[in-house]
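The structure appears right after this line, and notes come after that.
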Amino acid sequence: MSLEQIHLRKLLQIFYAPNNKRISILRADIRQEISKGAGLNGDGGDFHTAFWSGAKRHALGTADLRALTEVYIERSRQRRRLYPLLRDGFLLWWDEKRRWRNEPFEAILPSPHGRFIFEELAATVKVENLLSLEGGDHSNRLIYPYFAEEPLLSAEAARLGLWLMSVALPHRNAEEMRILDVIRGTSFGIADVPFLGNEESIFLQKYEATLAEWRRLREEYD
């Protein structure tokens, strides 16, 4: 199942979504798995990927996200409400809240990426496609996007996400890491949500429960 090889952002959304939304996400995943098993094509991929590519280009000064958003909407009219929400949230954070506003910076290449295996569950969580920047003072920021409209990224969800990032990217300083709730334009670092020492146990408990719920729902499709 795809939940056994999953991006951190999607897993955090599932963990904290309201019950009806969580079940809807899991059922959609089950249907996608069934279609894939039948050799049917998917819907062309995650539309967030295109947006985030544009956001990273905007951050590096090689594109204008406002103009790119109009192009994205033309290509995918069904996203004409969500693309502006993502654009406005990212620009709120980038223009008004980022700490390096008046400092030069450049991309860190290759951008760090990693994954963490929960051996107890035979499952892997992926941390990929970060906005990775180095400031003029040689300080770094590794920014991981959370795209979901619902639920918002709570303090606990951010804390668990930062913990997972820290173990998936063990050679990077956890203080460099941020999770960005793109639509809300809000970022979290460990200074905002300090680790309490119980992150792994909470994450494991929630992940195990999610997999069990997926399997129960999957039986309805047999």
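The values are calculated or read from the model by the stated rules, or taken from the named source; none is laboratory data. This one's a predicted model, so the numbers in the text were calculated from it and none came from an experiment. So basically every Cβ, Gly included, is an ideal-geometry build from the backbone, and we count neighbours across all protein chains shown. Heavy atoms of the whole protein, side chains included, go into the accessibility calculation; ligands, DNA and RNA do not. Shrake-Rupley method; radii C 1.70, N 1.55, O 1.52, S 1.80 Å.
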If I filter the range 44-84 down to residues being in contact (Cβ under 8 Å) with a residue 24 or more places away in the chain and outside any helix (DSSP H, G or I), which single residue comes out as most open to solvent (accessible area, probe 1.4 Å)?
LEU60
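Based on this model, can you work out whether ARG141 counts as part of a strand (DSSP E or B), at negative phi and modelled with pLDDT under 95?
Yes; evaluated as a whole, the condition is true for this residue.
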Scan the range 142-188 for residues that are of a type in the set (Ser, Thr, Tyr) and touching a strand residue (DSSP E or B) at 6+ places or on another chain (Cβ under 6 Å) and jot them down.
TYR144, TYR146, SER187
Residues (within 23 Å of ILE202 (Cβ to Cβ) and surrounded by 14 or more Cβ atoms within 10 Å (Cβ to Cβ)) located in the range 118-129
PHE118, LEU121, ALA123, THR124, VAL125, LYS126, VAL127, GLU128
Just give me the residues in the range 183-222 being assigned to a helix (DSSP H, G or I), polar (S, T, N, Q) and open to solvent by 40 Å² or more (accessible area, probe 1.4 Å), in sequence order.
SER201, GLN205
Please work out which residue is nearest to the chain's Cα centre (by Cα), limiting yourself to the range 85-100 and to residues that are among the basic types (Lys, Arg) and open to solvent by 80 Å² or more (accessible area, probe 1.4 Å).
LYS97
With respect to the numbered conditions (1) more than 13 Å from the chain's Cα centre (by Cα); (2) under 22 Å from TRP52 (Cβ atoms), which one is the sole condition not fulfilled by SER187?
(1)
